[in-house]
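Below: the structure, in structure tokens.
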Amino acid sequence: MEFISEGIWFGALFSAVLIFYYLLVPRPSVGTRMLSLLYLSAAICLLYSWINVEGRYFEITLLNHLYVPFVYLVGPCIFFSFLDALNEDYRIQPARYLAFAPAVTILLIFCLVWVFSPSQFAYRQLDYFQSREATWIDYLNVLGLFSSVVYCGLIAKSLPEIFSLEALKNEKSARTLLSILITAAILTMVATIGLALRSEFVYFGVSLSGALFLPINFILKSRTPELFADLEMVIEEARHKPEGEQYKISRLEGVDLKELQLALDRLMRKERMFLDEDLTLKELALQANVKPYQLTEFLNTRLKMNFARYVNHFRVEEAIRILRDEPEANILSVAYQVGFNSKANFNLAFKSIKGMSPRKYLEGDSGLNLS
């Protein structure tokens, strides 16, 4: 129990630090705000778990169960932060803020009930595992945990392109994203079952697992951002792809394929549209005077590559040209110059296209700056 107590306490402190980490981001997005709120909820839930391990009790009875409203924040925060991670311009529609209504409503109900009947909160959560009769607060807690599982399912439903068999087979980032989702869903499901079965062992085990999962998830996201590179392009491309993965019914009828190839060559080689880091499939298709799904089919069937790889091919070749013509150029600055939004994404695309890292590929060229 001492190990469990220290592990949960560490998770609570780590989550508390991440609250301010995400709040102090220079240009906060929907995702960073949601992550800050998520870690606040995690910190409070883990703090209460630690309090239960230590056998502590608040004299102000309301405080003994104030974790319940925060349980209802976990699911919506995970949902919106995932959607934001895959779309930089994501905005929460006003109606979707209703996802936070249960948490706010429960908090108000708790305060109101406590004012008139404080005795309803005069017990420890831990007593529930020791044959205490279940109360309406316990049922709310179980329902809140189950809602997080539902939100994990909603994420998968909202992003079918990412979790298709084709995407999971070809995109490491899609598999990683699915693994994180499954882990989060399993933890919350096991916690729900543990509460329903009154298992103290499961309760503390899940709390410890969650305390360890949070820092691992943060480190994974911070140190390997390339895992999620180009997922937005994958989504956009999949949404414009016609029915049937093998294009049994071609959508290219009536399209002059030679003219389309010439148009793409002009747009990419002369107008150098690939330099725009925000270039989308829809925009390139518009400039080439075809439908997005027609461009997708052309790239997949004629050039044997998807949109992301097609664009990155030009970016990588341009980066190599610059580095050879300008030996003093810095790789990071060149990566931004040719349209990549991070060095990690550049390294990933370079290795995917050339089969090796930029450093290894260019180390044979004397005079190049590989810093």
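Footprinting exposure proxy ranking of Met189, Met356, fewest other C-beta atoms within 10 angstrom first, gives Met356, Met189.
Restricting the calculation to Cα atoms, the range 20-156 yields a radius of gyration followed by a Dmax of 16.5, 50 Å.
Legend: calculated FRET efficiency, Met1 to Leu98, from the Cβ-Cβ distance at R0 = 30 Å, rounded to 0.05, equals 0.15. Between [x] 1.23; [y] 1.01; [z] 0.93, which entry matches Cα Rg over 2.2 N^0.38 Å as derived from the coordinates of this structure? Computed from the coordinates, Cα Rg over 2.2 N^0.38 Å corresponds to [x].
Across the cross-link table entries Lys258/Lys354; Lys169/Lys351; Lys304/Lys360; Lys258/Lys282; Lys169/Lys343; Lys169/Lys304, which are compared at the Cα atoms, the separations over 23 Å belong to Lys258/Lys354; Lys304/Lys360; Lys169/Lys343.
What is the angle, in °, between the Cα long axis of helix 292-301 and the longest principal axis of the Cα atoms in the chain? Nearest 10 is fine, range 0 to 90. Helix 292-301 sits roughly 70 degrees off the main axis of the chain.
Residue exposure proxy: Ser158, Ser41, Ser81, ordered by other Cβ atoms within 10 angstrom of their Cβ from fewest to most, comes out as Ser158, Ser81, Ser41.
Computed from backbone phi with θ = phi - 60° and the Karplus coefficients 6.51, -1.76 and 1.60, the 3J(HN,Hα) list for the range 274-282 is 5, 5, 7, 5, 9, 4, 10, 4, 4 Hz; x is used for glycine and proline.
Exposure proxy shown here: for Leu177, Leu47, the number of other Cβ atoms within 10 Å sets the order, fewest to most, as Leu47, Leu177. Distance between the pseudo-spin-label points of Arg266 and Ala329 (7 Å out from Cα toward the beta carbon): 2.6 nm. Applying 0.36 nm per residue to the separation of Arg175 and Ser117 and subtracting their alpha-carbon distance, the gain on full extension is 15.9 nm.
Where a number appears in this text, it was derived from the coordinates with a stated rule and is not lab data. Keep in mind that what you see is a predicted model, and the values were worked out from it rather than measured. Every residue, glycine as well, gets a Cβ built from its backbone with ideal geometry; the counts of neighbours run over all protein chains shown.
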